[in-house]
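Undergrad: Below you'll find the structure I mean.
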Amino acid sequence: MLLVPLAMAGAAAFKAAADRRADGVCRVATRMRDAGMLGDALRDTGADVRLADDSVTARWTDGVTATFAREADGLWSAHFSGTGETGAVEKVSSVDAAYGRQVQRAVLERLRGQAPAAGLRLESESVGEDASVRLVFEVERERA
């Protein structure tokens, strides 16, 4: 089994519907859904994060601020200030990569935890240069 971080999908992991308004705010829509993982991913990129019911605010030391709000379809829409379209897309790309690592970590924990109940024993685990994780499971045979 080979797990590759979501970020490797690049542009497929988020739709950069970035448009710069006259007030300098740039809007980017993302496909990230989990608020906790989004907060952790933002922290991984060096942001100071504030979580609210349906919004997440991130402030980076370079003066960029993003407010993520849930839209009707459950996806997050991020409104950036302190940067232009290119900077907003770069931030979302770095957050997307960090989010992918969060998802990968959660999937790995779930696989490790559920393997024994499925009759599997983790034989080996390795991490590639591209952050992919290779898990090799052995099927446990019932003893007569």
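Undergrad: Return the total of residues in the range 46-87 being more than 15 Å from Gly36 (Cα to Cα), touching a residue at least 40 places away in the same chain (Cβ under 8 Å) and within 16 Å of the chain's Cα centre (by Cα).
TA: 2
Undergrad: Taking the range 66-81 as the region of interest, how many residues are farther than 18 Å from Asp96 by Cβ and either in contact with a Lys or Arg (Cβ under 8 Å, 6 or more places away or on another chain) or buried (at least 17 other Cβ atoms within 10 Å of the Cβ) (or both)?
TA: Total meeting the criteria: 0.
Undergrad: Here's something else I'd like to know. Filter the range 98-127 down to the residues that are of a type in the set (Gly, Ala, Ser), loosely packed, with under 11 Cβ neighbours inside 10 Å and in contact with a Lys or Arg (Cβ under 9 Å, 6 or more places away or on another chain) and list them by number.
TA: Ser124, Ser126
Undergrad: Residue check, Gly113 against (1) out of contact with any Gly (no Cβ under 8 Å at 6 or more places or on another chain); (2) under 29 Å from Asp48 (Cα atoms), all met but one. Which one?
TA: Evaluating Gly113 over (1) out of contact with any Gly (no Cβ under 8 Å at 6 or more places or on another chain); (2) under 29 Å from Asp48 (Cα atoms) leaves (2) as the failure.
Undergrad: Separate question: Within the range 11-29, can one find any residue that is in contact with a helix residue (DSSP H, G or I) (Cβ under 6 Å, 6 or more places away or on another chain), of a type outside the set (Val, Ile, Thr), at pLDDT 55 or above and crowded, with 17+ Cβ neighbours inside 10 Å?
TA: There is no residue in the range 11-29 that is in contact with a helix residue (DSSP H, G or I) (Cβ under 6 Å, 6 or more places away or on another chain), of a type outside the set (Val, Ile, Thr), at pLDDT 55 or above and crowded, with 17+ Cβ neighbours inside 10 Å.
Undergrad: Being out of contact with any Lys or Arg (no Cβ under 9 Å at 6 or more places or on another chain), among the aliphatic types (A, V, I, L, M) and over 24 Å from Val107 (Cα atoms) is the requirement here; does Ala88 meet it?
TA: Values: out of contact with any Lys or Arg (no Cβ under 9 Å at 6 or more places or on another chain): no; among the aliphatic types (A, V, I, L, M): yes; over 24 Å from Val107 (Cα atoms): yes.
No: the conditions fail for Ala88.
Undergrad: Continuing with the same structure: Any chance the range 122-141 includes a residue that's touching a strand residue (DSSP E or B) at 6+ places or on another chain (Cβ under 9 Å), among the aromatic types (Phe, Trp, Tyr) and under 16 Å from Gly36 (Cα atoms)?
TA: No.
Undergrad: Continuing with this model, one more query. When the residues of the range 88-97 are narrowed to those that are hydrophobic (A, V, I, L, M, F, W, C) and surrounded by fewer than 23 Cβ atoms within 10 Å (Cβ to Cβ), which ends up farthest from Ala35 (Cα to Cα)?
TA: First, pick out the residues of the range 88-97 that are hydrophobic (A, V, I, L, M, F, W, C): 88-89, 92, 95, 97.
In the following step, the residues that additionally are surrounded by fewer than 23 Cβ atoms within 10 Å (Cβ to Cβ) were identified as 89, 97.
Values: Val89: 19, Ala97: 15 Å.
Among those residues, the one meeting the criterion is Val89.
The values are calculated or read from the model by the stated rules, or taken from the named source; none is laboratory data. What you see is a predicted model; the values in this text were computed from it and never measured. Quick reminder, even Gly has a Cβ in these numbers, built from the backbone with ideal geometry, and neighbours come from all protein chains shown.
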